[in-house]
Amino acid sequence: MSLVPKHIKNLSPYKPGKTIDSVKKKYKLNKIIKLASNENPLGPSSKSISAVLNILKNTHRYPDASGLELREKLAIKFNGKLHNVILGSGSEGIMSSIMRTFLRENDELISAENSFIGFRVLANASGKKVNWIPKKDYKYDLESIVDKINQNTKIIYIANPDNPTGTYINKNEFDSFMDRVPHRVLVILDEAYFEYAENIEDYPDSMLYRYDNVITLRTFSKVYGLAGFRVGYGFAHHELINNLMKVKLPFEPSSISQKAAIAALDDIAHLDETIKLNNQEMDIMIYNLNELNIDFIISVGNFITIVFDCRDNVINLVQCLLENGIIVRDLHGFGLPHCIRVTIGTKQENKLFINKTREYFNS
Ligand SMILES: Cc1ncc(COP(=O)(O)O)c(C=O)c1O
């Protein structure tokens, strides 16, 4: 159809992970364990649920378009100013606004292969040239990324920690990278898994650097357990934020999402419990994978990528787990066809995943 631009026609549609309902229906199961989308296995904070229930009766009103209360809270939390904070429908919503705000006709983008698929979808949909740089040992190859910068480069995207590999770039790597990136290039630092990594000694918390050409993206979808609400936030120089504000959808995030996020920030106990569970269960997962002689990539997120020597094992194990009501992520779509990604769940969920995996390899 001539109405559709060529670069859109050539896109492959995004294939999301399988939903709980679709797996229940297909395999006639009552209970599903979803370890496929790096969500918080404990669910949302009870404070978020109460806050949302309280404002349901006011949902005939539009949300506060400036997102004032949540932005103020975030500015205080991170020692920033209100004019440095933006909200969006998830951090992906902000990524989408960034593309629409800053990209001009001949601009190009750089990122890594096998990184966060959401960015890949947006970058390809922009119709701009994107240089996808291969990773080295499942990590961003920052040297090669910098070497690829040319006069048209406008945006570099880095997820730290990265999804789906769970690797991170350290302070030294980040420093020498930023020394070589020209100020006219915007760096998107996607820190969706920041809270899981912030206590690692050499993890660079980008909020402490505040470069004028860096926009930090974070989310309420992971550690705060609010993926369904779609709330993300970004921190950057006020001029960048100012211009992003002109382009973003005026009423994102919704009023219930803003309230859920505000309440989540007040529930430190829920946050601590989430991190504690993840740390404990990650250790147990690693112990069990080692025992089963299964290769994996060390991860600082709330998920782990398991590496097989052939695609067949991925297809067969994913299928076997599905038939037993366990959804994990086949990483074929991420360009890692020999890998699966498993979200760290509750103790019980992880145990079932390991037991079924053991059974598969013993059979
Ligand atoms: C690296 C990374 N960035 C962003 C997101 C999406 O976050 P949000 O739900 O805030 O759009 C994800 C979700 O999986 C992710 O892994």
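The values are calculated or read from the model by the stated rules, or taken from the named source; none is laboratory data. All values reported here derive from a predicted model rather than from experimental measurement. So basically every Cβ, Gly included, is an ideal-geometry build from the backbone, and we count neighbours across all protein chains shown. These accessible areas exclude ligands, DNA and RNA; they are computed on the full protein's heavy atoms, side chains included. Shrake-Rupley method; radii C 1.70, N 1.55, O 1.52, S 1.80 Å.
Summary table
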quantity	calculated
For peptides 216-222, 117-123, sequence by mean Cβ density within 10 Å, most packed first	216-222, 117-123
Rounded accessible area per residue of the chain, 1.4 Å, Å²	48
The range 110-259, relative contact order [Cα under 8 Å, separation at least 6], %	17
Mean Cα-pair separation over length for the chain, i.e. relative contact order, pairs under 8 Å, 6 or more apart, %	24
The range 1-112: relative contact order in percent, alpha carbon pairs under 8 Å with at least 6 residues between	10
Cα-Cα P(r), the range 198-253, percent of pairs per 5 Å interval	4, 15, 20, 22, 19, 14, 4, 1
P(r), alpha carbons of the range 1-130 - 10 Å bins starting at zero, rounded %	9, 23, 30, 28, 10, 0
Protection proxy ranking of 11-18, 148-155 - average other beta-carbon atoms within 10 Å, highest first	148-155, 11-18
Alpha-carbon spread of the range 3-66, three principal axes, descending order, Å	45, 40, 20
Net +/- balance of residues flanking GLU198 in space, Cβ distance below 12 Å, scoring K and R +1, D and E -1	-4
Distance from the range 318-363 to the range 188-208 (C-alpha centre basis), Å	27
Percent carbon-and-sulfur accessible area, the range 10-164, ignoring ligands, DNA and RNA, probe 1.4 Å	50
Intensity falloff of the chain expressed as log10 I(q)/I(0), Debye formula with alpha-carbon point scatterers, at q = 0.12, 0.13 Å⁻¹	-0.94, -1.11
With all protein chains modelled, accessible area of HIS7 [1.4 Å, Å²]	70
Cross-link reach list, lysines versus LYS28, counting only Cα pairs under 23 Å and skipping chain neighbours closer than eight places	LYS15, LYS18, LYS351, LYS356
Where Rh is the Kirkwood radius over Cα pairs, Rg/Rh for the range 163-265	0.99
Highest average packing first - 240-250, 84-94, 24-34, Cβ atoms within 10 Å	84-94, 240-250, 24-34
Estimated distance in nm for a label pair at GLU69 and HIS83, the labels positioned 7 Å out from Cα along Cα-to-Cβ	2.5
Computed E for ASN316/ASN10 - FRET, C-beta separation, R0 22 angstrom, nearest 0.05	0.10
Total formal charge among the other residues, if their Cβ is under 11 angstrom from that of TYR233, Lys/Arg +1 and Asp/Glu -1	+3
Pairs from LYS128/LYS222; LYS129/LYS154; LYS34/LYS276 whose Cα-Cα separation, in the structure shown, is over 22 Å	LYS128/LYS222
Rounded to whole Hz, the Karplus (6.51, -1.76, 1.60) HN-Hα couplings of the range 261-278, x for glycine and proline	5, 4, 5, 4, 5, 8, 9, 5, 4, 5, 4, 4, 4, 4, 5, 4, 4, 4
Net charge, PHE303 excluded, C-beta distance under 9 Å - Lys, Arg +1, Asp, Glu -1	+2
Separation between Cα centres of the range 122-177 and the range 44-63, rounded to whole Å	38
Within straight-line cross-link reach of LYS259, aspartates and glutamates at Cα separation under 16 Å, skipping those fewer than 8 residues along the same chain	ASP64, GLU69, GLU72, ASP267
